[in-house]
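Chemist: I'd like to ask you about the structure that follows.
The values are calculated or read from the model by the stated rules, or taken from the named source; none is laboratory data. Here the structure is a predicted model, which is why all the values come from computation and not from measurement. Neighbour counts are summed over all protein chains in view; Cβ atoms, including those assigned to glycine, are modelled from backbone coordinates with ideal geometry. All accessible areas refer to the heavy atoms of the entire protein, side chains included, with ligands and DNA or RNA removed. Shrake-Rupley method; radii C 1.70, N 1.55, O 1.52, S 1.80 Å.
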Amino acid sequence: MKENVRQSIFRVCSDLVKADKTIAWTEAEKITKICKLYDIDLIDRVQSQNITTGEAFKILSTQKPKLKEEVLSLLKEIALVDETCSREEALYLIAAEYALRNGDESHQYIFSAPYENHELEDAQIIYLESKYEEEQNDIIHKNLRFIQSSLQVAGFQFIYAPEIAKRFASADNKMLKEIISYLAPSLSEDDCDLVQEGLCEMTSSYLRNELLPQEFGVKIPLSTPIFLLKIGTGYAAGKRMAHFLCLDVEEDVIAQLDGFTRKLTSMHAPYQITIGNILGKEDGMAFSGFYKTLFNALAIRKGKRCSLIVRPYSHSQILSVNSTEYKLEIGPKEAAFYLLLIVESASEKRGLWLAQTGKDYLRYLDYIQKRYARIYTLLTGKNEAPDITDWKIRNPILSKVKKAIRDNEQIIEKESFMPQELEDESLAVTVDLEHVLIWQDREMCPITAHHEWKEVINC
């Protein structure tokens, strides 16, 4: 057995022992037996503290089914060795089942993130998406009260960004602004307006693509719609980490959440939590739990939403962020590739797929090249676009785009603009199409509303 596998086994087992903040003698004895079973020595135990829980589960998810079932069985024995299964242990076991029975190297159900500016609280299930999913949102919206009440019985608060935005928007506009000014007195009037706008227009995609990665350090490894919940905390390489479970949103959302809560409550005694619901009333605004966390995150970043400005036919400043001072030092071919990446990331494909093989892949490359050529023509007025299907041409273009973003010290939110390689081997970027603006004929127009660019987006 490889050392990283031994270390991963010890990591996930020791994390479970510490999950309920109480370590029974029988649990310690069980860990000792596991060490003997897999020849886990002192060096392995020490090194296991340098890998995160998410990394450990990712390593174990690639092992043979027999070993994965063995580890699951051991985790269940650890949880029940003291004849009780706490809520924390039950949640950890459910997460382990998802990771070891359904996960693999390209699909990560459990991941870890370092604590940064803010913390996500326990007992919250958050709906997240990389772009607006009409069908999923319709189902959640129609069944929101049922979802909230059923999850509350299992001890969870359901966080749905559109509902939060709706509640803030329904509050008295003048009073809400005064409260923001009172809670964050250092903000200017314009910044207070931006915070208010951020609260009243909050979306699940903005939460996932910008706020969570930049203010909470939580970078979602999957591009599909998910339910996110924190399953514990710990340390790795001396850094405090939070551990999360990502659940793919299934077609039958109600049945999925009902099955999850039933399984959890069957493993331990259920309990209820009290969730404040005063936002939107005339006499106040909720300032606790996720509402407080969200407000603080927006207030610190001043609610700022960056826009990407596109100036066709400009060789010195084709792309810039927010203003002329934030220009990206790239040429037309790099700008066209970056815009192609933004458009593809917002499509059903959720990014560029450039590491595939086969006839279908060749047809896909032909489609991508034609789309790139169209964007290149719109930017430059020229018809001879570089061949980005050739990796020898494409890779240097991508490198220049990344370098331009990385080297621009004025762009604070670099993660929002930097192309990312996802777990599924796709290349994507989290820039929202709604924040891409075309500057032409001395007017600024959203790319989604521009008659020529709309054809590229919708083709």
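Chemist: Pick out the one residue from ILE388, ILE411 that is part of a loop (DSSP other than H, G, I, E, B), modelled with pLDDT under 90, touching a Leu at 6+ places or on another chain (Cβ under 9 Å) and under 12 Å from GLU334 (Cα atoms).
Modeler: After ruling out the rest, the residue left standing is ILE388.
Chemist: What do you reckon, is SER48 of a type in the set (Ser, Thr, Tyr), within 28 Å of THR265 (Cβ to Cβ) and buried (at least 17 other Cβ atoms within 10 Å of the Cβ)?
Modeler: no
Chemist: Ok, one more. Which of the residues spanning region 82-110 are at pLDDT below 90 and not in a helix (DSSP H, G or I)?
Modeler: Selection gives ASP82, GLU83, THR84, CYS85, SER86, GLY103, ASP104, GLU105, SER106, HIS107, GLN108, TYR109.
Chemist: Now, a different point. Which one of these is open to solvent by 70 Å² or more (accessible area, probe 1.4 Å), free of Cβ contacts under 8 Å to residues at least 12 places away in the same chain and farther than 21 Å from THR261 by Cβ: GLU77, GLU83, GLU55?
Modeler: Answer to the check: GLU83.
Chemist: Do we find that ALA255 is at pLDDT below 75, surrounded by fewer than 16 Cβ atoms within 10 Å (Cβ to Cβ), under 27 Å from CYS85 (Cα atoms) and of a type in the set (Gly, Ala, Ser) in this structure?
Modeler: no
Chemist: Here's a follow-up. Considering only region 214-239, state which residues are within 30 Å of SER345 (Cβ to Cβ) and either modelled with pLDDT under 85 or touching a Pro at 6+ places or on another chain (Cβ under 6 Å) (or both).
Modeler: The answer is GLN214, GLU215, PHE216, GLY217, VAL218, LYS219, ILE220, PRO221, LEU222, SER223, THR224, LYS239.
Chemist: Could you go through region 124-133 and let me know if any residue there is surrounded by 14 or more Cβ atoms within 10 Å (Cβ to Cβ), polar (S, T, N, Q), outside any strand (DSSP E or B) and over 18 Å from the mean Cα position of the chain (by Cα).
Modeler: Looking through region 124-133, none of the residues is surrounded by 14 or more Cβ atoms within 10 Å (Cβ to Cβ), polar (S, T, N, Q), outside any strand (DSSP E or B) and over 18 Å from the mean Cα position of the chain (by Cα).
Chemist: Ok, one more. Over 19 Å from LYS131 (Cβ atoms), within 23 Å of the chain's Cα centre (by Cα) and at pLDDT below 85, is that true of LYS359?
Modeler: Criteria not met by LYS359.
Chemist: Can you tell me how many residues within region 12-40 are out of contact with any Cys (no Cβ under 7 Å at 6 or more places or on another chain), open to solvent by less than 30 Å² (accessible area, probe 1.4 Å) and part of a helix (DSSP H, G or I)?
Modeler: Looking only at that region, the number is 8.
Chemist: So is ALA449 modelled with pLDDT of 85 or more and over 22 Å from SER106 (Cα atoms) or not?
Modeler: no
Chemist: Output the number of residues of region 127-151 satisfying the condition of being of a type in the set (Val, Ile, Thr), touching a Phe, Trp or Tyr at 6+ places or on another chain (Cβ under 7 Å) and within 26 Å of ASP432 (Cα to Cα).
Modeler: 1
Chemist: May I ask you to say which residue of ILE9, ILE43 is of a type in the set (A, V, I, L, M, F, W, C) and open to solvent by less than 20 Å² (accessible area, probe 1.4 Å)?
Modeler: Selected residue: ILE9, the only one of ILE9, ILE43 that is of a type in the set (A, V, I, L, M, F, W, C) and open to solvent by less than 20 Å² (accessible area, probe 1.4 Å).
Chemist: Looking only at region 51-81, count how many residues are of a type in the set (A, V, I, L, M, F, W, C), outside any loop (DSSP other than H, G, I, E, B) and within 28 Å of the chain's Cα centre (by Cα). Talk me through it step by step, then tell me what you get.
Modeler: Taking region 51-81 and keeping what is of a type in the set (A, V, I, L, M, F, W, C), we get 51, 56-57, 59-60, 67, 71-72, 74-75, 78-81.
Subset that is outside any loop (DSSP other than H, G, I, E, B): 56-57, 59-60, 67, 71-72, 74-75, 78-80.
Next cut, within 28 Å of the chain's Cα centre (by Cα) only: 56-57, 59-60, 71-72, 75.
Result for region 51-81: 7.
Chemist: Please indicate, with yes or no, whether at least one residue in region 32-47 is under 21 Å from GLY232 (Cα atoms) and touching a residue at least 60 places away in the same chain (Cβ under 8 Å).
Modeler: no
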